[in-house]
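Below is one structure, written out as structure tokens; comments come after it.
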Amino acid sequence: MSAAATTGTYSPAAAAGEKRRERKEELRRHLAEDADWPRADGRSFHDCRPAFMQTGPTTAASGSAYAEFGKTKVIVSVFGPRESKKAMMYSDIGRLNCNVSYTTFATPIRGQFAFSFQGTDNKEYSAMLHKTLEGAVMLHTFPKTTVDVFALVLESGGSDLPIIISCASLALADAGIMMYDLVTSVSVSCFGKNIIIDPTSDEEAWQDGSLLVAYMPARKEITQLTLTGEWSDGKITNAVELCMDACSKLCDILRELLKDASSLAE
Amino acid sequence: MEYVNLLTGFRVDGRRPNEMRQLKGEVGVVARADGSALFEMGNTRVIAAVYGPREVQNKGQQVNSKEALVRCEYRMADFSTGDRRRKPKGDRRSTEISLVIRQTMEASILTHLMPRSQIDIFVQVLQADAGTRAACINAATLALADAGIPMRDIVTSCSAGYLCSTPLLDLNYIEDSAGGPDVTVGILAKMDKVTLLQVTKYHELLLIAASFRTPLVLSSIHTNSITTILHTMCSLVKHFSCHLYPEGHCFL
Amino acid sequence: MVGLSVGEKHFIRGGIAQDLRADGRRRLQFRAISVETGVIPQANGSARVRLGATEVIASVKAELGKPSILHPDKGKVSIFVDCSPTAAPMFEGRGSEEFSAELSVALQRCLLGGKSGAGAAIDLSSLIVVDGKVCWDLYIDGLVVSSDGNLLDALAAAIKVALSDTGIPKVNVSLSAATDEEPEVDVSDEEFLQFDTSSVPVIVTLTKVGKHYIVDATSEEESQMSSAVSVSVNRHGQICGLTKRGGAGLDPSVVFDMISVAKHVGQQFISVLDSEIAAAEAAE
Amino acid sequence: MAAGTEATAAGGLTGEIQVEAYRRLFPLGFLERHIRESVRPDARRPDGARPTTVALGAVSSAHGSALVRLGDTAMLASIKLEVMSPSSEAPDEGSVAVEFHMPPICSPLVRPGRPAEVASVICKTLENILMSSGMLNLKELCLISGKDSWLAYLDVYCLNADGSLFDAALISAVAAFIHLEIPLVSVGDDGRVFTVGGNEGKTKYELVNIVKRNLTFTNIPFSLTCALHKDSVLVDPTAEEESIIETSVTVVLDSSDQIVSIQKPGGAVTSMATIKECISLAKDRRRKLREILMDSVEAMEAYQTD
């Protein structure tokens, strides 16, 4: 491990790493070949993990949301609209500033992040979050000012980015930022001919391909779509439709949540 | 190691001590820049692009509104050196070379003709085989000329070193990493004036100068005209007597 | 940054709507491409690709390394892109970092395949020298020298050409009896292995301007985009990666339509590139 | 004084503007009028601390963790153990690395890429207190003398910053150490330590640490921050109060009510009597915090047995 080499300390791995790998290979084979092998956490292929979402964990922010999907735990705070940085040039539409960071204990091995990390900031996810939300937020409603969307991943347990996106859209709604629609996002992993929804980090580590969809159900618009691995046309169609369906359901849950929260406030 | 063959007097790459590497220049290589040039000295290859004169982007950087603001950034491509390393942007060496190029070019540009404006010079090293500093200055000159920016004179630059008791013109990578003293000179060719003189291993040079008591051979190259494309680039070595003051660190 | 007047914007949009763009191209037509190989002698493979006024250089360097614990039977490939300030003043200093990272990520997504290695452009198991001990690490570096739009497609094309130009030195391994010891590796200077680059995909970016979408957009056209989708297509017509690059949302049916158009255009682009590679190799 | 004129200016307007606007425009006048009535903007008494909760085991990927809420201030502490070779000066001791983070989500004042100044101050103080209070016996973090010992990475994240950050950080750090459970380990053929899980593992491998699974604590430090404003002492200030008050005093006491540290970061001068008052308030608070912490341990154990 590179982390161990540089710091001089290491995280003791579980006994017999070789065995763990074999087990994973087996898991992978099952996911790729079997019709509907129950996944490691007992779900079937097209089941999402049980989700818990809540608005308002961070009182210091204009709006905030917490999301927990299985082991993945995310907090998003929204600040503003507030004054843009001095260096920014005049803009007649508002700015959206997104940042995604991880806690040092988010990953099983402390501070072991992918290469697109600088410190604990994830540059890739920050950019992706921005690209996903800019099509949904009505930027013209807050000219000259900036809305900051900051996400902190407390624990990473797979499907981090889609959960950050959904959580951010809930936090934006909580902050009262005008949006065309709530954006929800779901990703799938592909194993051989099978497609499994809402993968865990173990599943993500062994997937053949992945596909992420961010969707605005009321407007029927895709605001983000990314794909890795080798896919045929038909499989893309299937996977995108599966994701859009899950996004719609997740969006209904968010809507109920916001309604409950506002009625509670009254 | 034997850097100069005792019998033939040839260097490791077959050049004579006062011979330059193959030079090649090309202007207009970056379509969207106001001026650009590719310059090669042997295997060292750099691209320079000039943007401007244009409105000053960051008013805070403007010191004197009666003169143009000249800025420069030097960058090495990740693949430019033999061993691939990702270097952080703006490391100390790049900052230093950026400054050297900026100051050298500033001395030649007629900045007072372009008040309240900014000229950006960007140099990108594609391949580094020693002498990037000199190559960058030559490329920047070509790019500035291509952009039609008024200059006092053409600035040309070349380096020289001292190995095996022989002054060597235009070191390559092997000679450069030998660790001998080296000198980079930038001159205004027609006016016959020196604008840049950088000496490393100054103390060794002092020793050499003291023991030989001879004028140190330095280098400069002459360029005839670089109005459109480099027609000719005749290189000749100039004897350059410099007085090495024992207590001085930098002299110009 | 592209500063356009209202009239110029109108001209570009109108041209695209009528299938006759400002430079005389049709909507799904690429600019003239020029390809040159072996431009960086120190690298194992390199290429320069010019697409109109866009110019990029890709270099491939191979270094011996150690395979990761999770994949002991595979080599490693990493892709980094840098945007030189020569291409645009806004890439000065740290200004290029964000954009370079975006391009790097998009290329990684399209060329490296899934986590398990399925669908990768380069067969990672061909990079292994000794299982679990020694492998080749491929460093693919892209440099944007001059920019006039459509950088991602140009970079992917340059990488494809550079990979076909790449020779990996042949390695002789003398296995010592003790398994713990590092095996001795003898790198050959004369014999090189060529890659099978037939499955390396190209990227086709479809830029949506108004109701229509175009390929190979120039900077001016890119400034008018409402959204863009980059699709990576290989010779077999499989989609190897896809990135939606910001902008407004898209109707799902439009997305599917764009994918099938990109597939079609991509196949044509691959054959153009193949003949260019052959010509460049013949010239060398 | 500027504050005085502000207060009088505010006085002239009070009848005409709404409470929330008054609070924003004249924060000082707003606070001072509350203090005069011996009540605080959030309806607390001056000597009342905010409700405090401790939840142990909040981070599943850590060896020890705790989530602490002090009013709206939320702190998440986590401990991860890594193996290191001990230094030659102390071959039978482990070590602790403390980091305190204020991610941009916690406060509008923190921006990405620019760590808050206060974070490094709290980090340093936290490290000093944990090391000097005698709470930790570093010998307990030793595995094999002179060869392997634990390095405990303590990371404290502020999830919501609403004043008295140091108090909350210290409680969460202490709670995380109490929750810390050291994994069973054995030494492999390559000399590297690996974890042993499950029952068959215990019989198969020779275990290094059968006994030392939890740390023992003789001394547990707790702290109380008091805001000092003119003559009044406000216990456990919120962020709003902290931004107005003249100065503050932080008292850290150990289990036998001995003073571990007193910090007053400059600001207005204070009498000895006020400091003494702060210390006695801190003593009361220490007892309460201890109860809360013990309750949370019981709650966790009860949850585990279920």
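Rule-based calculations on the coordinates, nothing more; no lab input. Because the structure is a prediction, the values reported are computed rather than measured. Cβ atoms come from the backbone with ideal geometry, glycine included; neighbour counts cover every protein chain shown.
Per-residue mean of foreign Cβ neighbours for B:52-62 is 1 (Cβ atoms of other chains, 10 Å radius).
For q values of 0.09, 0.10, 0.15, 0.16 Å⁻¹, compute log₁₀ I(q)/I(0) with the Debye formula on a Cα-only model of the range C:25-283, without solvent. Ignoring solvent entirely, the Cα scatterers give -0.42, -0.51, -1.06, -1.18.
Seen from residue C:19, the other residues with C-beta closer than 14 Å to its C-beta sum to a net charge of +4, counting Lys and Arg as +1 and Asp and Glu as -1.
Looking at the range A:45-265, what % of the alpha carbon pairs are farther apart than 30 Å?
Value for the range A:45-265 (Cα pairs over 30 Å): 21 percent.
Selection among A:10, A:231, A:257 by position relative to the dipole of chain A gives A:10 as farthest towards the positive end (Cβ unit charges, Cα centre).
Ordered by the count of other Cβ atoms within 10 Å of each Cβ, fewest first, B:109, A:93 give A:93, B:109. Note on residue A:71 and residue C:174: the model spin-label points, each 7 Å out from Cα along the C-beta direction, lie 4.6 nm apart. Evaluated with a Cβ-only charge set (Lys, Arg +1; Asp, Glu -1), chain A carries a dipole of roughly 640 debye about its Cα centre, given to the nearest 20.
Can you give the relative contact order of chain C as a percent, counting alpha carbon pairs under 8 Å and 6+ residues apart? Normalised by residue count, the contact order of chain C is 20 percent.
Across peptide B:39-45, the mean count of Cβ atoms from other chains lying within 10 Å of each residue's own Cβ comes to 1.
Placing +1 on the Cβ of each Lys and Arg and -1 on the Cβ of each Asp and Glu in the range A:45-265, which of A:120, A:138, A:212 has its Cα farthest towards the positive end of the resulting dipole? Highest projection toward the positive end goes to A:138.
Sorting A:252-258, A:172-178 by average packing, meaning the other beta carbons within 10 Å per residue, from highest down gives A:172-178, A:252-258. GNM remark for chain A: springs join alpha carbons under 10 Å apart, and the peak mean-square fluctuation among A:99, A:238, A:122 falls on A:238.
Please report, in debye to the nearest 20, how large the charge dipole of the range B:1-131 is about its Cα centre when each Lys and Arg carries +1 at its beta carbon and each Asp and Glu carries -1 there. With Lys and Arg at +1 and Asp and Glu at -1, about 300 debye.
With R₀ set to 22 Å, the beta-carbon distance separating residue B:16 from residue B:177 gives a calculated FRET efficiency near 0.60. Per-peptide packing, taken as the mean over residues of other Cβ atoms within 10 Å, places D:237-250, B:158-171 in the sequence B:158-171, D:237-250 from highest down.
Shielding value for D:163-174 is 0, the average number of Cβ atoms from other chains within 10 Å of each residue's Cβ.
When A:66, D:22 are arranged by Cβ crowding within 10 Å, least crowded first, meaning fewest neighbours, the order is D:22, A:66.
In deg cm²/dmol and to the nearest 500, what is the mean residue ellipticity at 222 nm of the protein assembly as shown if only DSSP H runs of at least 4 residues count, each as -39500 (n - 2.57), divided by the residue total?
Counting only the DSSP helices, I get -9500 deg cm²/dmol.
Two-decimal Rg/Rh of chain D from alpha-carbon positions, Kirkwood Rh?
Using Cα coordinates only, the ratio equals 1.06.
Would you mind checking the tilt of helix A:123-134 against the longest principal axis of the Cα atoms of chain A, expressed as 0 to 90 degrees and rounded to 10? Compared with the principal axis, the helix lies near 50 degrees.
Between D:163, D:71, D:267, the GNM of chain D built on Cα springs shorter than 10 angstrom shows D:267 fluctuating the most. Against chain D, whose longest principal axis is taken from its Cα atoms, helix D:27-36 shows a tilt of about 90°.
Checking the a/c ratio against 1.5 first, then a/b against b/c, what shape does the Cα gyration tensor give for the range B:23-212? The shape class here is prolate. Ranked by the mean number of other Cβ atoms within 10 Å per residue, highest first, peptides D:34-43, C:253-262, C:142-151 order as C:142-151, C:253-262, D:34-43.
Ordering B:181, B:70, B:30 by the projection of their Cα atoms onto the charge dipole of the range B:23-212, which places +1 on the Cβ of Lys and Arg and -1 on the Cβ of Asp and Glu, puts B:70 at the extreme positive end. Counting neighbouring beta carbons within 10 Å and listing from fewest to most, the residues B:116, B:71 come out as B:116, B:71. To the nearest 20 debye, what is the magnitude of the charge dipole of the protein assembly as shown about its Cα centre, counting +1 on the Cβ of each Lys and Arg and -1 on the Cβ of each Asp and Glu? Roughly 2120 debye, rounded to the nearest 20. Between helix A:17-33 and chain A there is an angle of about 80 degrees, using the helix long axis and the longest principal axis of the Cα atoms. In summary, the aspartates and glutamates within cross-link reach of residue A:123, defined as a Cα separation below 13 angstrom excluding same-chain residues under 8 places away, comprise C:97, C:98, C:102.
For the options A:212, A:96, A:129, a Gaussian network treatment of chain A with springs between C-alpha atoms closer than 10 Å singles out A:96 as fluctuating the most. Rg ratio for the range B:1-99: its Cα radius of gyration over 2.2 N^0.38 Å, N being its residue count, equals 1.51. With the convex hull constructed from alpha-carbon coordinates only, the protein assembly as shown shows a mean projected area of 52.9 nm² over all directions.
Using C-alpha pairs below 8 Å separated by at least 6 residues, the relative contact order for the range A:96-210 is 26 percent.
Taking a straight Cα-Cα cut-off under 22 Å and skipping sequence neighbours fewer than 8 places away in the same chain, the lysines within cross-link reach of residue A:235 are A:193, A:220, A:249, C:115, C:244, C:263.
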